[in-house]
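First the structure, in the form of structure tokens, and then the observations on it.
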Number of protein chains: 4
Amino acid sequence: MNVNQMNIKKDMKIIDIIEEFSSSGVLGAGKVGRSCELLADMISKDDMKVFMSVAGPLVPGGLRNIIANMIKNKEIDLLITSGANITHDLLESFGGSHYREYGFDDEQLNEAGMGRIGDIYTKSEDFEVFEKEIIHIFDKISKSLSQNSNKNPNIASNNSSNVISIKDLLYEIGLLIDDDDSILKLAAENNIPIFAPGIIDSMFGLQLWMFTQENNLILDAIADMHDLSDIVFESEAVGAILLGGGLPKHYTLASNLLKGGVDAAIQITMDRSETGSLSGTPLEEAKSWSKAKCGSNLVSVVGDVTVIFPLIYAGVLDKINND
Amino acid sequence: MNVNQMNIKKDMKIIDIIEEFSSSGVLGAGKVGRSCELLADMISKDDMKVFMSVAGPLVPGGLRNIIANMIKNKEIDLLITSGANITHDLLESFGGSHYREYGFDDEQLNEAGMGRIGDIYTKSEDFEVFEKEIIHIFDKISKSLSQNSNKNPNIASNNSSNVISIKDLLYEIGLLIDDDDSILKLAAENNIPIFAPGIIDSMFGLQLWMFTQENNLILDAIADMHDLSDIVFESEAVGAILLGGGLPKHYTLASNLLKGGVDAAIQITMDRSETGSLSGTPLEEAKSWSKAKCGSNLVSVVGDVTVIFPLIYAGVLDKINND
Amino acid sequence: MNVNQMNIKKDMKIIDIIEEFSSSGVLGAGKVGRSCELLADMISKDDMKVFMSVAGPLVPGGLRNIIANMIKNKEIDLLITSGANITHDLLESFGGSHYREYGFDDEQLNEAGMGRIGDIYTKSEDFEVFEKEIIHIFDKISKSLSQNSNKNPNIASNNSSNVISIKDLLYEIGLLIDDDDSILKLAAENNIPIFAPGIIDSMFGLQLWMFTQENNLILDAIADMHDLSDIVFESEAVGAILLGGGLPKHYTLASNLLKGGVDAAIQITMDRSETGSLSGTPLEEAKSWSKAKCGSNLVSVVGDVTVIFPLIYAGVLDKINND
Amino acid sequence: MNVNQMNIKKDMKIIDIIEEFSSSGVLGAGKVGRSCELLADMISKDDMKVFMSVAGPLVPGGLRNIIANMIKNKEIDLLITSGANITHDLLESFGGSHYREYGFDDEQLNEAGMGRIGDIYTKSEDFEVFEKEIIHIFDKISKSLSQNSNKNPNIASNNSSNVISIKDLLYEIGLLIDDDDSILKLAAENNIPIFAPGIIDSMFGLQLWMFTQENNLILDAIADMHDLSDIVFESEAVGAILLGGGLPKHYTLASNLLKGGVDAAIQITMDRSETGSLSGTPLEEAKSWSKAKCGSNLVSVVGDVTVIFPLIYAGVLDKINND
């Protein structure tokens, strides 16, 4: 098969450039073309559940609405992410924002009350609002737990009334958020579960810990596996979208080990493979572990998620609506 | 200050080459020289607690004894790691091993019952032993919990007798391990706490979940923060050794936010800074968040941990014993 | 300034997604947005000469037509590239092609007469045609040199009639190529000089050497600097497009040192900065050397050129035609 | 075969840690162990010529003496490098130096007359001395060329008396240098040829061009291939040490294509493989092109050359002297 030379013209649509990438078919362009094809396929298949993992600062980095829309459109069936992305989703729901162009002198930023994430900045005043609001929400949920735990089927049944799973906590929070762009709210409304196995390691987790210093609440780290495994077992097929690596990537793949692995997956990351860390390893390795099925369709793209994923997703929207 | 040209001769000691690196002082060599100096300093200071985070496949990748020795020598005061490294430490304690030179055909490896981590391999028969043994240990701990929770000060006091924190679970396991090379055993014996906030995301976590399908055990995701924050508040100063990125790196730095940040840190990773992910960001960024103190001594080395850390650590052993 | 969350919809144009990137403004997306803006500006300015360097397998990798069009449209004023890209441009002009999907077993590929460049493949039969044709062209030029060197102003005047500069050799070849897609032909026709300081290091160079074993031809490595420096001195301002690193990047920047550095530049590469190699260093460093002017506008994008450059260039075409 | 856990103790020698790396055998440590073994083998074999390529700022970065010693000890048979490394070797011979710890504000550095290479700095006053001295040397060589070209067998025989090959120019310069640490001087004295196909692209090249504005000198870009190919054809076997990528790496491998490829090679680089650029591609790919023999022994290490190569080389010195 030949490598076709790409043609770039004025007034191109996203779908046109994706087709040029596919027509070339090699290096990064080829991988973007193939992952777009595969993702359109994954989303279109009625019998395939789509799991999405989101690691790295993708909510502060401009992908919040994309993730929210994928939930609203039911293009994904579950989301696995970090405590940080949940924190930053809530930060925006509570009126905060993310900022840019404040330079790279971290000691000056510290004095100015700004936290830096690459070239993204946060303000401590936004975190103060976040803290006040989230504690208020924890309080509501905690009280409701004590009162209603036996009646609410969304709360993991337990011998103690003050135990909640991470997924259920995020669901309850989602119901209490007043922001139509919120990932948590949209997920709750659309019954898309959010898993965040490392949630304690975040500003959200820190506030939760502070809340538990004076309130009796236990976050069960194991409970979500019951629900997640049920979803895996009930799925005829699973496709995975892996944005970044880390715990979210591993948890997504590992949960599918229960049924022989995912049937299809795309991953986008800049992490390297040579260190052996799961974050950077090409998807093929997952086959050895039965985290991806032998014969499954897997595309690993090396690139910056904030560029590559919006591009692929725009291409996918065109493909799935034109079929 | 000049860049001195390095001199390499026959019969050099590790400490000699480290001095050549320091004398050159630039690029990777300069960073290795400075991190060796800084780590020796961190370990030598009586009033500085040393936190170590370990991400990536460092136990399968040959660093198990190094980590174990650092615990035995009390060169570190606490360890933060992934469920995977705990799983692989136990796998070796239960008689399993890690293997090499089985090629890169992941479908063939799958058929042969081998899991691949870069160029490291595991055997499913070793995991079968692991599963049997760890379930046996969970059973012992679970029974002991129900019986003795009120008497044992190491078990988080709670209103339910079946709730345990991750750190306490790992401590109890450590006491039950019959292997003098075990990180978990040595940590328990030497009262070096192990934190693993994402532990559920591992083969260890999978077995724990399976155990809880028929047994009543709750792993409290928040509880460890009480102990970790106590350690942070009680420390006059904190130095951090960050091997790889991920959740362990973030948790280590974030816990120090409670007291204005670490006083010193070295990190070794191959992850890039441009994506904004914490894994690859140079340590300076932590100052903006008060996760590292303004004015703290921070060295970020870009390299493969399996080469760079043994080298630095060997240099440190010479430095701290020669002072 | 706020980070705006990107909105991705069906039927987007390239220019729409570039605007979303710019509106977010951070991480990779922000850099792509800014480099698109800057490149449109560079190309639009009448008094700015645009230098483009092309390293890495961009002709085999699908960018041949893009480069050719930029020459045809006079969007660039000179091209600096590797011997490999010249070889592969000619290979296609002589009827050869680039191929894909032949696997990664290099010993098998060798037996099958295929050369591998990542996931791009070449066939030895195409190289055989290349060799025959290029020797034929060398012969024509060599004969013409001996006969006409004093009459042709494009041939470096020298005391020997068999001396030619690299740029002039490529110009003469361009005139003899019968392929309207050829970079060399279009460059010759449009008087866009091509510089290739490392040309000897390529299949083209190898054939040139073989030709000189029986023919008297001297390729002057210094001569091009006379022409290149003239262009630099005659330019009111210079903008640089640096695709990949290597010799082409360095030569482009270094030639501008003669007049205090470039006024604007974008670079796209995956190479890292930590090793100190020029290939991966952010453009800012060029200011210290007066290879970029203090105050110049510089954008360094980390990414795969085969994805990022077509995307940016498509955005530029929309921007410069809509102004 | 098992992955052995590494043991790190006080007072270790380099050779001890290399053995620990080999005993672990996986990830980066395994590659360092294997490349040390292979390099000792390459250097020990009487019938194997050793070619070394040096790209990136390795002379400014502290490896000048190491390279010089390898030449003095005749551990390498030829050197292929960049104009930059030749420039910086001469800069030190002429009394200049490389500096550190001047910060990262490139506009300030420019004003202070300092050029930055990562965290290495140069001073313009050192370059002024370099310029004066090198022009003086060019003048001597140019005059000697006109007078003696027919008598000196080291000068490429040509119909014009003012033509010299790059290798011969570097040889003549080496003879005129008064510095026992000089790579150029030691190479000339020991008849180790230096090839630098891209030499024009450097401060050295810039001075050479300026010299030719008033002097008649032609640097033949093709001529070296005659000598290089002779060496390749006369070698029973070839081993390659590839430090960094770029033109030097490619030229080293490509020259061996003439005889079916190298028999053994190690490469150390941080460049990635995914872009298809030769700099980052693992050595295996060279087999498809017959630049490395099928069945040849090849080790690709991902790491910073300034750390990894001194370490490997120190290990090699111990191995070859203990056999």
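Read-outs: derived from the displayed coordinates by stated rules, not from any lab. Since the structure is predicted, the reported quantities are computational estimates derived from the model, not experimental observations. Positions of Cβ are backbone-derived with ideal geometry, glycine not excepted, and every protein chain shown enters the neighbour counts.
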Suppose R0 equals 51 Å; then what is the FRET efficiency for D:Val129 and C:Glu101 from their Cβ-Cβ distance, rounded to the nearest 0.05? 0.35
Compute the helix-to-body angle for D:224-234: its Cα long axis versus the longest principal axis of chain D, expressed 0 to 90° and rounded to tens. 40
Hey, what angle do you get for helix D:246-256 against the long axis of chain D, alpha-carbon based, 0 to 90 degrees rounded to 10? 80
Partner chain coverage, peptide C:112-124 - average Cβ within 10 angstrom: 5
Run the dipole for the protein assembly as shown about the Cα centre, Lys and Arg Cβ at +1, Asp and Glu Cβ at -1, nothing else charged, and hand back the magnitude in debye, nearest 20. 0
Starting from 0.36 nm per residue, how many nanometres of slack lie between B:Glu284 and B:Asn73 once their C-alpha separation is accounted for? 73.0 nm
Starting from a label point 7 Å past Cα on the Cβ side, list the distances from A:Asn7 to the same position in the other copies, nm, shortest first. 3.3, 6.6, 6.9
For A:Glu236, label point 7 Å along C-beta direction: distances to other copies, nm: 6.6, 6.8, 6.8
Difference of contour (0.36 nm per residue) and Cα-Cα distance, D:Asn190 to D:Cys294: 34.2 nm
Give the cross-link partners of A:Lys167 among the aspartates and glutamates, using a straight C-alpha distance below 13 Å as the criterion and excluding same-chain residues fewer than 8 apart. A:Asp220, A:Asp224, A:Asp227
Got a sec? How would B:Ser290, B:Ser255 order by Cβ neighbour count within 10 Å, fewest to most? B:Ser290, B:Ser255
Considering only Cα-Cα distances, which of the following residue pairs are longer than 20 Å: A:Lys123/A:Lys185; B:Lys72/D:Lys13; B:Lys10/D:Lys74; A:Lys45/A:Lys74? A:Lys123/A:Lys185; B:Lys72/D:Lys13
Sorted from shortest, what are the nm distances separating the label point of C:Asp46 from equivalent points in the other copies, each placed 7 Å from Cα along Cα to C-beta? 6.3, 7.5, 7.9
For the range A:3-57 and the range C:1-55, what is the centre-to-centre distance using only Cα atoms, to the nearest Å? 20
Using +1 at the C-beta of Lys and Arg and -1 at the C-beta of Asp and Glu, which of A:Phe104, A:Phe94, A:Gly244 has the Cα lying farthest in the positive direction of the dipole of chain A? A:Gly244
On a 0 to 90° scale, report how tilted helix B:27-44 is relative to the longest principal axis of chain B, with both axes built from alpha carbons and the result rounded to the nearest 10. 60
Which shape class applies to the range B:1-136: rounded if a/c is under 1.5, otherwise prolate when a/b exceeds b/c and oblate if not, where a ≥ b ≥ c are the square roots of the Cα gyration tensor eigenvalues? oblate
Which of A:Gly205, A:Gly83, A:Gly246 moves most in a GNM of chain A, Cα contacts under 10 Å? A:Gly205
Between D:Ser82, D:Ser288, D:Ser202, find the one with the highest GNM mean-square fluctuation for chain D; connect C-alpha pairs within less than 10 Å. D:Ser288
Within chain C, what's the longest stretch lacking GluC sites (Glu not before Pro) that sit in DSSP loops with no more than 13 other Cβ atoms inside 10 Å? C:102-235
Roughly how many Å is it from the Cα centre of the range A:112-133 to that of the range D:176-248, as a whole number? 55
Check: the range C:190-253 dipole with +1 on Lys, Arg Cβ and -1 on Asp, Glu Cβ, in debye: 260
Beyond 20 Å, the calculated P(r) of the range B:82-223 holds a percent of Cα-Cα pairs equal to 49
For the axis mapping C onto B, the chain C residue whose beta carbon sits nearest, plus its rounded distance in angstrom, comes out as C:Arg272, 4
What dipole magnitude, in Debye to the nearest 20, does the range B:58-142 give about its Cα centre under +1 on Lys/Arg Cβ and -1 on Asp/Glu Cβ? 480
Gaussian network model of chain D, springs between alpha carbon atoms under 10 Å - residue of D:His226, D:His88, D:His98 with greatest fluctuation: D:His226
